[in-house]
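Derivation of every value follows stated rules applied to the coordinates shown; laboratory data play no part. Predicted model only: the values in this text are computed from it and were never measured. Note that each Cβ is placed from the backbone with ideal geometry, even for glycine, and that neighbours are counted across all protein chains shown.
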Amino acid sequence: MRITNIDVIISCPNRTNYVIVKISTDEPGLFGIGNGTLVGGELALATMIEKHFAPRLIGTDPDRIEDTWQLLQRATYWRGGRAVAAAIAAIDVALWDLKGKRYSAPLYSLLGGKCREGVLCYGHASGRTIEETVEHVLAYRERGCKAIRAQVGTPGYEDGSYGVHASQPITDPARTVRHWEPTPYLRVVPRLFDRLRREVNDSVELLHDVHDRLTPIQVAQLAKELEPYHLFFLEDPIPVENTDGLRLIRQHTTTPIAIGERFNSKWDCLPLLTNQLIDYVRNPLSKSGGLTELRKIAVLAEPFQVKTAFQGPNDLGPLAFAATVHLDLAIPNFGIQELAEYPPEVEELFSGIPTFKDGYLTVSDKPGLGVEINETELRKYPYQPSFFTTIRREDGSLQDP
C-alpha cells in the first residue's frame, strides 16, 4: 500500500479555521483524516503541508508512522517550531486514522487498549462578575460536570480578561487593543474561589487559568492564597520559558501547577518533568507533533508521577480532539481533559466526535478516529483571517494575551 494523494482543506464553519488533511492510498476507499491548528498562522501551516511535506510522502508506505514522523521532523533541517509541529500533527493523526481503518480497530485499541471507560473532563465557566461566574459554574454542575475551570473579569478591565467575552464586538481583529492590569486581578480571583467554595462546597473540582500573565512572585502569592480552596490545578501561571520561576513558585505553594499548551515537543517538557516543576502536562495534540509525540510525552511524564491534562479548546480541531481522547483512554497517567464543545454546524460536518455525559467523554468504537467528515460541505466555509487580540498595560506596554 502506498500514499497516492495528500489533500489540504482550510475550513472555517464557526469562527475557527481548521486545517484538515486527507491522505489517500492506492487501496480503493482507504484514507485517513487529521487536522492541525495554528491560530493566526493557518495559511503557513497549509503551505508547509502542501508544498514541503506532501511531495516527500507521495508513494511512501502509510503504515510506517514513526518513520514518517522522524522524516518530517528531521528533513526540514531547521527543525522545531510550532508551524512544523502543527503540520506534522495533521499528517500524523491522518496516518493513525488510516491505520485504524486498515486494521478495523479504534485508535485506543492500537495504543494498547483502554485503561478507563471514560475520560474525566472540565468545562469552562466565566463571567464579567463573580456572580455571573458562579451562575455558569452551577449550570455546568447541573449538566453533570465534575470539574470546572472558573474565570472572572478583572474589575475595570473586563474586556481584557482572559476567558471572558468582550462587551463590544471586535471590528478589526488585527488591530484591536484591550487593556488589563495585574493588581485588581490578584484581588478578585481569591474572592471568586471563596464564593465558589461556599456555593458548591466539594461537589466539583475547581481550576483556574492565569494564562502566563503574572511574574513568579505574583503567582506564588496568588497560589498560596488559593490553597484553602483546593484547586485541582492552576494553569499556565508564568511564561513557559521561565523554568527558574517555576522553582520559586514551588517553594511557596502546594497548589498543583499545569503547563504545556504553548509547548510543541517532548524536549520542551523534559526539564519540567525531571525537575518535578509541574503536576500536569498540557501539550495540545494539534500543535505538538500529533498522537505519536503526545504518547511519548505521556510516557516521559509517568515515572515522575506527572499526569496529563492535554489542551482541548475548540480551536484544537475535532479530529485532533478525537485523537486526544483516544489517547486519554489508553494511558495510565491520564489526569483530566479540557472539554471542547463544538456548535451544531461543526458537529454536522464532523460526525462521531467524542461525546460528553455525566462528567466524562467517550469515543466511537468505529475504526480509526471514528469520525467522518462531510468534505463537500467543509469546502463551502472558506478561510477567514484570524488574530489574537492585543493586550496592553495602562502604560502602553505589551502584555501576554
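Worth pointing out:
- ³J(HN,Hα) computed for each position of the stretch 241-249 - Karplus, 6.51 cos²θ - 1.76 cosθ + 1.60, integer Hz, glycine/proline x: 5, 8, 4, 5, x, 5, 5, 4, 4
- Rounded to 5, percent antiparallel among DSSP beta bridges of the chain: 50 percent
- Taking amide H as placed 1.01 Å from N in the peptide plane, Phe233 has its amide H under 5 Å from the amide H of His208, each at least 5 places away in sequence or on another chain.
- Shape call, the stretch 3-105: gyration tensor on alpha carbons, a/c limit 1.5: oblate
- In terms of distances greater than 19 angstrom between alpha carbons, the cross-link table entries Lys296/Lys366; Lys22/Lys51; Lys114/Lys366; Lys99/Lys366; Lys101/Lys266; Lys51/Lys296 yield Lys296/Lys366; Lys101/Lys266; Lys51/Lys296.
- For Asn5, residues with placed amide H under 5 Å, excluding near neighbours: Ser24
- Label separation (Ser351 vs Ala166): 3.8 nm, computed from points 7 Å beyond Cα along the C-beta direction.
- Pairs of Cα atoms in the chain fall into 20 Å distance bins, from 0 up to the last occupied one, in shares of 28, 59, 13, 0 percent.
- Neighbour-limited loop hits for trypsin sites (Lys or Arg not before Pro), the stretch 127-167 (at most 13 other Cβ within 10 Å; DSSP other than H, G, I, E, B): Arg143
- Acute angle (nearest 10 degrees) that the helix 318-330 long axis makes with the longest principal axis of the chain, alpha-carbon atoms: 80 degrees
- Evaluating 6.51 cos²θ - 1.76 cosθ + 1.60 at θ = phi - 60° for every residue in the stretch 134-147, the Karplus couplings come out as 4, 4, 6, 4, 5, 5, 5, 4, 4, 6, x, 5, 9, 8 Hz, glycine and proline recorded as x.
- In this structure the amide hydrogen of Phe334, modeled in the peptide plane, comes within under 5 Å of the amide hydrogens of Thr308, none closer than 5 places in sequence on its chain.
- Cβ crowding within 10 Å averaged over residues, with 187-200, 170-183 ranked highest first: 187-200, 170-183
- Contact order normalised by residue count of the chain, Cα under 8 Å, 6+ apart, percent: 22 percent
- Karplus-derived 3J(HN,Hα) values for the stretch 85-102, using 6.51 cos²θ - 1.76 cosθ + 1.60 with θ = phi - 60°, are 4, 5, 5, 4, 4, 4, 5, 4, 4, 4, 5, 5, 4, 4, 4, x, 5, 4 Hz; glycine and proline are entered as x.
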